[in-house]
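Worksheet for the structure shown next.
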Amino acid sequence: MKLCWRFAAAVLFGAFALRAEVPEILKVVPEARGYELIARLNPLEWGSRGYLEDRSGQISGELKRVAYLLKLSGKDGKVQWVFVAMDPFAEELGSVLVPTENSPGYQTYVRNLEVASNVDGVKTGRFEQGNIEFCGKNYGGYNAKRIPGATHDFDFGDSFSEDGGYGCMQLHNYLEKQTIFAFNNLKRNANCDLGIGNSPQGKSDWTFSGAGRQYQTAELLIAGKFDGFQLRQVASLNPQKTALVGTTDRNPLTYAPGEPVTFTIRAELGDQKLPEQDYFIHWTRTGDDGKVLRGASRLADGPVTVKTSLERPGFVRVRAVLADHSGKTVQRKEQRWGHEYSRDITFEGGAGAAVCEIGQAVPEPDDFDVFWRKQKARLAQVPLKFEMKQFDNRNGNDRYTVTIDCAGPRPVTGYLTIPQGAGERSLPARVSFLGYGVSRQWPHDGVPDEIQFTINAHGFELGHDDAFYRNFAESIKSNGKDYAFDPVQNADPEQAYFNQMVLRVLRAVEFVKSLPQWNRKDLIAFGNSQGGLQAIWAAALDPDVSRCESGVTWCCNMAGPEKDRRLHGGWYIKWVPALGYYDAVNHAKRIKNPVIITRAGLGDYTCPPSGLAVLFRNLGGPGKIIWVQGSDHGYAPPGAEQFTQEKE
């Protein structure tokens with residue numbers, strides 16, 4: 001029956017009510033009859049492949065029950081499985097699927113829970129209630145819904161952010177204080193968090209476990225029982241030819257407080273005709289004023305117009321996502337760093353009012369310069385000793401691993417390229433810094449006319465396997481929090497994790513200045529996100545840095561969310577006064593040479609535009625900032641509108 005059913009779904013047109021069971025479910029739970037397959041996926045490949053089968057857009061009928069079957073095969077070949085069913089928790093069929101960054105989040109109780117499993121310790125049977133946490137964004141441990149028995153750590157009662165993309169798909173039996181299954185860090189493929197029952201170590205809901213690595217295979221089936229079930233063949237949009245584009249009625253940086261701002265969001269379909277199946281543009285307006293507006297419009301009704309304003313200097317944000325008639329967000333394939341991944345079709349944009357008047361949330365520390373003279377004196381006490389090991393040459397460059405002694409717990413480590421045959425004082429140099437995280441650093445190829453030195457933020461040993469860097473990441477946590485995020489550690493500016501990072505930045509620049517091939521005049525500090533913050537530090541604390549290129553700069557106006565009610569994403573460092581020594585906007589005042597802020601996303605709330613505006617205004621010398629409409633933190637759409645501001 002299974003083969004005939006799928007064949008029929010592929011070739012018949014119109015609607016039909018042929019019914020079929022889901023054999024994989026019946027094999028483990030024979031009494032679970034009457035379910036129809038909605039979708040299937042491999043969690044270990046979800047980030048790159050998406051669904052292996054998805055019928056949500058073809059199904060019509062009233063959903064009466066929803067069920068999930070997760071099967072995991074360990075490296076030893078042993079198979080674990082869990083089946084869980086419940087009454088529907090939403091009307092739209094797309095809501096029962098894997099959440100994405102722009103789909104609605106569901107953190108709610110579910111009724112008439114059924115659980116079956118072969119995993120020891122998992123409570124099976126029928127339960128009056130359970131609860132789910134489906135979120136495509138970041139989430140935290142705070143028990144926002146006051147789920148009975150949950151803590152303020154990651155478990156069966158958490159809190160959802162308005163930003164980020166870590167994501168969770170968790171089903172819980174809160175009556176038994178148990179996670180039934182969890183699939184988190186959704187886009188990370190084999191590095192996702194994945195497990196059945198409570199995690200035996202770490203967070204009980206598997207958050208941060210990376211447990212997907214321990215499985216050979218994984219399969220998640222999503223199924224439902226329907227009244228009036230029909231399966232119809234429908235034409236759909238080709239996501240690879242589809243985009244959402246947003247514009248404002250004028251330059252988005254030129255509005256005054258209280259002045260109307262009009263966004264127009266339209267779908268670009270290429271050579272496609274609008275299909276009979278309905279699609280919708282769902283939009284949300286947020287901003288530095290705390291107001292939230294939402295709306296939706298049928299794609300067939302034409303472009304969406306969002307009219308708004310902002311009463312004080314700051315930014316408004318508009319996010320729009322394309323969804324099909326079932327409520328499922330439409331995704332397209334993208335390439336990043338040589339890997340394919342799926343991304344919601346969205347518009348992420350914004351506009352500013354009196355941008356040049358956005359204030360710094362708190363003043364800089366009174367002893368800012370004294371503090372940094374002291375830190376540089378600490379560094380100077382450690383002689384500049386280094387080891388360069390050439391490991392190959394490529395594209396006309398000699399390539400080296402470099403280790404440099406430094407103040408603090410670890411050295412500077414990174415990769416250096418020098419064009420072959422370069423004479424003394426013949427070349428400009430570039431020091432590059434990396435974004436947030438801990439992972440293996442790969443050597444760069446180099447270019448023919450520039451010395452390039454790229455360091456990691458941590459001073460870890462180079463060339464190890466992934467397990468080494470996972471263990472290293474655990475070792476540098478503070479009070480259970482990822483590096484740089486512990487407010488207790490950050491309360492002392494000399495103990496804050498950023499302190500040792502700054503010292504490694506300065507020592508890296510000092511090392512490059514010692515190379516005989518450097519021309520003694522052209523020295524560029526470069527980076528994006530956390531790397532952009534490090535580039536700002538370098539330019540502020542070493543006047544020999546002749547140009548700074550900093551993109552989507554992290555940690556600008558860090559007190560803004562808490563002291564000035566600035567809109568932010570869920571991924572930000574809790575403000576404590578000692579962070580003022582590291583805030584990029586305070587360092588910017590000390591930079592006298594040119595700075596280029598290579599990208600400032602009007603839809604980026606990992607590094608919010610309000611902070612980038614203060615950074616640019618505070619620059620102590622000439623500068624340029626390139627605002628990009630439709631750009632979030634990690635993505636800028638092809639051909640996006642750009643708006644440049646310059647200062648002498």
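The values are calculated or read from the model by the stated rules, or taken from the named source; none is laboratory data. The structure presented is a predicted model; accordingly, all values stated were derived computationally and were not measured. Using ideal geometry, Cβ is built from the backbone for each residue, glycine included, and neighbour counts are taken over all protein chains shown. Surface areas here come from the heavy atoms of the whole protein model, side chains and all, with no ligands, DNA or RNA. Shrake-Rupley method; radii C 1.70, N 1.55, O 1.52, S 1.80 Å.
Details
- Of all residues in segment 270-283, none satisfies being part of a strand (DSSP E or B), in contact (Cβ under 8 Å) with a residue 40 or more places away in the chain and surrounded by fewer than 17 Cβ atoms within 10 Å (Cβ to Cβ).
- Odd one out for residue 564, checked against (1) under 19 Å from the mean Cα position of the chain (by Cα); (2) open to solvent by 30 Å² or more (accessible area, probe 1.4 Å); (3) under 25 Å from residue 486 (Cβ atoms): (1)
- Scanning segment 597-618 for residues that are under 19 Å from residue 564 (Cβ atoms), among the β-branched types (Val, Ile, Thr) and either part of a strand (DSSP E or B) or in contact with an Asp or Glu (Cβ under 8 Å, 6 or more places away or on another chain) (or both) yields a single hit, 606.
- Residues that are under 28 Å from the mean Cα position of the chain (by Cα), open to solvent by 20 Å² or more (accessible area, probe 1.4 Å) and farther than 20 Å from residue 214 by Cβ do not occur anywhere in segment 59-71.
- Filtered by the rule that a residue be under 21 Å from residue 522 (Cα atoms) and within 33 Å of the chain's Cα centre (by Cα), segment 405-433 gives 414, 415, 416, 417, 429, 430, 431, 432, 433.
- Total residues in segment 129-156, condition among the charged types (D, E, K, R) and under 18 Å from residue 184 (Cα atoms): 4
- The residue list 438, 412 contains one member that is touching a Gly at 6+ places or on another chain (Cβ under 7 Å) and open to solvent by less than 50 Å² (accessible area, probe 1.4 Å), which is 412.
- Among the residues of this structure, residue 365 counts as one that is open to solvent by less than 40 Å² (accessible area, probe 1.4 Å), touching a helix residue (DSSP H, G or I) at 6+ places or on another chain (Cβ under 9 Å) and either touching a residue at least 40 places away in the same chain (Cβ under 8 Å) or assigned to a helix (DSSP H, G or I) (or both).
- Selected residue (criterion: surrounded by the fewest Cβ atoms within 10 Å (Cβ to Cβ)) from residues of segment 456-512 that are touching a helix residue (DSSP H, G or I) at 6+ places or on another chain (Cβ under 7 Å) and free of Cβ contacts under 8 Å to residues at least 12 places away in the same chain: 479
- Some residue of segment 309-330 being modelled with pLDDT of 95 or more and open to solvent by 60 Å² or more (accessible area, probe 1.4 Å): yes
- Among the candidates 257, 252, the residue that is in a loop (DSSP other than H, G, I, E, B), out of contact with any His (no Cβ under 9 Å at 6 or more places or on another chain) and open to solvent by less than 40 Å² (accessible area, probe 1.4 Å) is uniquely 252.
- Selection count where residues are in contact with a helix residue (DSSP H, G or I) (Cβ under 8 Å, 6 or more places away or on another chain) and open to solvent by 10 Å² or more (accessible area, probe 1.4 Å), scope segment 133-155: 4
- Filter result (open to solvent by 10 Å² or more (accessible area, probe 1.4 Å) and closer than 17 Å to residue 155 by Cα) within segment 177-195: 177, 178, 185
- Residue match in segment 573-582 (condition: in a loop (DSSP other than H, G, I, E, B) and either crowded, with 24+ Cβ neighbours inside 10 Å or touching a strand residue (DSSP E or B) at 6+ places or on another chain (Cβ under 7 Å) (or both)): no
- For the condition part of a helix (DSSP H, G or I) and either charged (D, E, K, R) or within 24 Å of the chain's Cα centre (by Cα) (or both), residue 535 qualifies.
- Segment 368-404, subset in a loop (DSSP other than H, G, I, E, B) and over 27 Å from residue 541 (Cα atoms), residue nearest to the chain's Cα centre (by Cα): 395
- Yes/no for residue 588 being among the aliphatic types (A, V, I, L, M), within 18 Å of residue 505 (Cα to Cα) and out of contact with any Cys (no Cβ under 8 Å at 6 or more places or on another chain): yes
- A single member of 267, 243 is among the hydrophobic types (A, V, I, L, M, F, W, C), touching an Asp or Glu at 6+ places or on another chain (Cβ under 6 Å) and surrounded by 19 or more Cβ atoms within 10 Å (Cβ to Cβ), and it is 243.
- The one condition in (1) open to solvent by 10 Å² or more (accessible area, probe 1.4 Å); (2) in contact with a helix residue (DSSP H, G or I) (Cβ under 6 Å, 6 or more places away or on another chain); (3) of a type outside the set (Lys, Arg); (4) assigned to a loop (DSSP other than H, G, I, E, B) that residue 56 fails to fulfil: (1)
- Of the listed requirements (1) touching a Phe, Trp or Tyr at 6+ places or on another chain (Cβ under 8 Å); (2) in a strand (DSSP E or B); (3) surrounded by fewer than 21 Cβ atoms within 10 Å (Cβ to Cβ), residue 164 misses just one: (2).
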